[in-house]
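The block underneath contains the structure these notes are about, expressed in structure tokens.
The values are calculated or read from the model by the stated rules, or taken from the named source; none is laboratory data. A quick note: this is a predicted structure, and the numbers were derived from the prediction, not measured. Cβ: placed from backbone, ideal geometry, glycine included. Neighbour counts: every protein chain shown. Note: areas computed on protein heavy atoms with side chains; ligands, DNA, RNA excluded. Shrake-Rupley method; radii C 1.70, N 1.55, O 1.52, S 1.80 Å.
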Amino acid sequence: MTSENISTEEKLQERIKELSCLYQVSSAIREFNGSYEATLNSVTQILKNAWRFPELASVEIKCETYHLSSNLIPLESYSQISVIEISEKEMGFIKVHYPASDLSKAHFLVEEQRLLDKVADEIALFFERQNIKMQEELLKQTAQRNDRLSILGEITAGIAHELNTPLGNILGFAEFIEEKTKELQTKRDAKKILNSAIYSREVVKKLMFFSCDMPQDFKKIEIKPVITQALSLLKPNFKKAHIRFKLHIEDPALKAQVDPIQLTQVFFNLVINAIYYSPENSQIVIDIHNNENFYSIEIADEGKGIAPELKNRIFEPFYTTKPLGEGSGLGLSVVHGIIKSHRGEISIADNHPKGTIFKIKLPLNL
């Protein structure tokens, strides 16, 4: 029995099945519970039952990273296919197969092809909506993090200014006592005070970096010499940790308006952080590329990665995952402050199969 010689009654029955199929597909998509695979599996079973010969039909769906079928697909088959386009890009397909040993291409109906096209459109819209939701949630989290960091920046700027004066007094008096005293023990104690005050001053300086309250000297310079010089200074760190590095610069003559000292500090902090978390005999990859308006620096390691629940906190001052005494928790917050003062962006991505990628995007001209 072919599409040309089926009865009016069967055509009506097939039409009812198609309408029922569309309703069920829409319901399955509405009931999405976070599992794309479960939703697509439901769609395959619904489609299978909507075709003229459901007992012989096999439905196959491929979309983005998902590829599944309602049942085993025959080695030799005839099929109907509809492409799934998401945001005007071909991202997969839906196929309905009949075994070549039992049926032929003529057993498919034109109405079934139309149904398949409609279901493909429904799946495309479903993925587009979910992608938009994910992007909106990401933007919301980014905005919340930036608001939180902005408030912290204002607080830390105030703390830094308040501490500067008493620290200056402590340093001055400690130096005076160390220089004037004749007692050995007093001289030692004054030295301890002096060292502690110097350390505290460095912490204050980092707080001021984080809050963008440090004087800056922006210059139009070549980026490559800054990076290569920093890597040269870091070679002993790589050697001691038994880690390799690979540098790729898309445009060796790339120039940008930056504070060279602050850019060096950003690079130092991120690379030293990558070295700390990288296992022996692994590789850190530094990739620098650009377009007409921006340039990007990506630093990828092969460490254990950053847990999703920690990603929104790592730029906060004093937050660290390092053991007590091994980190002040200010390194990444300083990086964030400098990048913000350069009107740039910094983000984190997972490095596959393992590790973390820090991504910095900066304007070529301020």
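Numbers below:
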read-out	value
Selection within the stretch 49-70 - within 16 Å of Gln113 (Cβ to Cβ) and in a loop (DSSP other than H, G, I, E, B)	Trp51, Arg52, Phe53, Ala57
Filter result (more than 20 Å from Val96 (Cβ to Cβ) and either in contact (Cβ under 8 Å) with a residue 60 or more places away in the chain or not in a helix (DSSP H, G or I) (or both)) within the stretch 17-35	Glu31, Phe32, Asn33, Gly34, Ser35
Which numbered condition Ala307 fails, given (1) at pLDDT 80 or above; (2) over 30 Å from Asp251 (Cβ atoms); (3) of a type in the set (A, V, I, L, M); (4) touching a helix residue (DSSP H, G or I) at 6+ places or on another chain (Cβ under 7 Å)	(4)
Answer residue from the stretch 220-234, given it is modelled with pLDDT under 90 and surrounded by fewer than 17 Cβ atoms within 10 Å (Cβ to Cβ) and is nearest to Ile360 (Cα to Cα) among those	Gln229
Ser296 over 21 Å from Phe238 (Cβ atoms), surrounded by fewer than 17 Cβ atoms within 10 Å (Cβ to Cβ) and modelled with pLDDT of 80 or more	yes
Pair list, Cβ < 6 Å and 6+ apart or interchain, from the stretch 123-140 residues that are open to solvent by less than 100 Å² (accessible area, probe 1.4 Å) to residues that are in a helix (DSSP H, G or I)	Phe126/Ile29
Residue match in the stretch 99-111 (condition: assigned to a strand (DSSP E or B) and either surrounded by 14 or more Cβ atoms within 10 Å (Cβ to Cβ) or in contact (Cβ under 8 Å) with a residue 40 or more places away in the chain (or both))	yes
Output for the stretch 238-264, where each listed residue is buried (at least 16 other Cβ atoms within 10 Å of the Cβ), in a helix (DSSP H, G or I) and out of contact with any Asp or Glu (no Cβ under 9 Å at 6 or more places or on another chain)	Phe238, Leu263, Thr264
The stretch 243-267 residues that are under 26 Å from Gln216 (Cα atoms), paired with ones that are among the aromatic types (Phe, Trp, Tyr) and part of a strand (DSSP E or B) (beta carbon under 7 Å, 6 or more apart)	Leu254/Tyr295; Ala256/Tyr295
Pick from the stretch 7-24, criterion among the hydrophobic types (A, V, I, L, M, F, W, C) and open to solvent by 100 Å² or more (accessible area, probe 1.4 Å), ranking: nearest to Asp117 (Cα to Cα)	Ile16
Any hit, the stretch 276-284, residues being over 18 Å from His342 (Cβ atoms), surrounded by 20 or more Cβ atoms within 10 Å (Cβ to Cβ) and out of contact with any His (no Cβ under 6 Å at 6 or more places or on another chain)	yes
Subset tally (residues that are surrounded by 14 or more Cβ atoms within 10 Å (Cβ to Cβ) and touching a residue at least 60 places away in the same chain (Cβ under 8 Å)) for the stretch 49-77	5
Selected residue [within 30 Å of Met134 (Cβ to Cβ) and surrounded by 14 or more Cβ atoms within 10 Å (Cβ to Cβ)] from Gln80, Gln45	Gln45
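Matching residues to (1) under 20 Å from Pro236 (Cβ atoms); (2) of a type in the set (A, V, I, L, M, F, W, C); (3) at pLDDT 90 or above:
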residue	(1), (2), (3)
Pro260	no, no, no
Phe267	yes, yes, yes
Ala300	no, yes, yes
Asn312	no, no, no
Phe318	no, yes, no
Ile338	no, yes, no
Leu362	no, yes, yes
